[in-house]
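Notes to accompany the following structure.
Read the figures in this text as sums done on the coordinates, not as results from a lab. The structure presented is a predicted model; accordingly, all values stated were derived computationally and were not measured. FYI the Cβ positions are ideal-geometry reconstructions off the backbone, even for glycines, and counts take in every protein chain you see.
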Amino acid sequence: MNEEGLKIIFLDIDGVLNSEVSVDYHIKNKSNEWLYYAPWYGHVKHVNHIIKHTGAKVVISSTWRHFYDVRMILHLAGLVGDIIGKTPCCKSRIRGEEIKLFLQYVQMDDAKIEPEKREALLNIKKELLYYHRINYSGLKIDNFVIIDDDTDMLDLTNNFVHVDSYYGLTRKNANKAIKILNGDK
């Protein structure tokens with residue numbers, strides 16, 4: 001069991017790390033068209049600011065989690081933090097539900113899992129924590145923040161930073177996320 005818990009950033013990409021502002025920037029600077037919707041360093045630097053002031057780890061909650069190389073893409077865009085996992089897919093496709101499932105599965109005490117469900121649930125946990133850079137047995141999460149431009153967060157709004165997709169992630173959004181992660185709500 002981990003003595004010290006983690007702080008987690010549930011990170012969306014479209015509308016958060018790319019935005020209308022970032023697309024306009026690339027059009028104005030005649031960038032390659034493939035950069036228009038890529039994560040933009042102008043927004044990624046704010047995630048780095050959050051990580052620097054909280055020590056948080058990143059969990060991808062974006063539809064980008066289905067891309068095999070999302071970790072590499074984010075690091076090429078300047079992300080300095082650890083990406084430790086991704087949220088599961090739900091039939092409802094409600095982001096808040098996916099985040100709740102992630103929290104439920106990864107904090108499950110492995111020793112208390114019924115033997116007949118053990119292998120299946122441990123495989124789910126390993127898949128969610130797909131980079132295995134942490135001890136996933138009895139994982140404890142101290143706090144989390146959701147950074148997204150959608151609002152389907154169910155009852156997780158106290159841990160939610162709503163990003164305007166026109167501007168993308170801003171320093172003001174980042175500072176709010178820091179307060180949530182550090183318990184200064």
Original post:
Between Leu154 and Tyr167, what is the label-to-label distance in nm when each label sits 7 Å out along the Cα-to-Cβ direction?
Top reply: 3.0 nm
Original post:
Dividing the alpha-carbon radius of gyration of segment 42-134 by 2.2 N^0.38 Å (N being the number of residues), what value is obtained?
Top reply: 1.19
Original post:
What is the spin-label model distance, in nm, from Tyr41 to Ile73 if the labels are put 7 Å beyond Cα along the C-beta direction?
Top reply: 1.9 nm
Original post:
Do the alpha carbons of any pairs in Lys100/Lys126; Lys45/Lys91; Lys125/Lys172 sit beyond 28 Å of each other, and which pairs?
Top reply: Lys45/Lys91; Lys125/Lys172
**OP:** With everything on Cα atoms, drop me the angle between helix 171-181 and the longest principal axis of the chain, reported from 0 to 90° to the nearest 10.
**Re:** 10 degrees
Original post:
Viscosity 0.890 mPa s, temperature 25 °C: Stokes-Einstein D of segment 18-78 from its Kirkwood Cα radius, in µm² per second?
Top reply: 194 µm²/s
**OP:** Compute the distance in nm between two label points, each set 7 Å from the Cα along the Cα-to-Cβ direction, one at Ala120 and one at His53.
**Re:** 4.4 nm
Original post:
Which FRET efficiency, nearest 0.05, do Ile141 and Lys30 yield, Cβ-Cβ r, R0 30 Å?
Top reply: 0.10
Original post:
What area, in nm² and to one decimal, does the C-alpha convex hull of the chain cast on average over all directions?
Top reply: 10.8 nm²
Subject >> For the chain, calculated [θ]222 nm from helices alone, where every DSSP H run of n ≥ 4 adds -39500 (n - 2.57) >> reply: -11000 deg cm²/dmol
Subject >> Using alpha-carbon coordinates, inclination of helix 115-128 to the longest axis of the chain, degrees >> reply: 20 degrees
**OP:** With only Lys, Arg, Asp and Glu charged, each at its Cβ (+1 for the first two, -1 for the last two), find how big the charge dipole of the chain is about the Cα centre; round to the nearest 20 debye.
**Re:** 420 debye
**OP:** Determine the gain in length on full extension of the stretch Asn175-Glu127; use 0.36 nm per residue of separation and subtract their C-alpha separation, reporting nm with one decimal.
**Re:** 14.2 nm
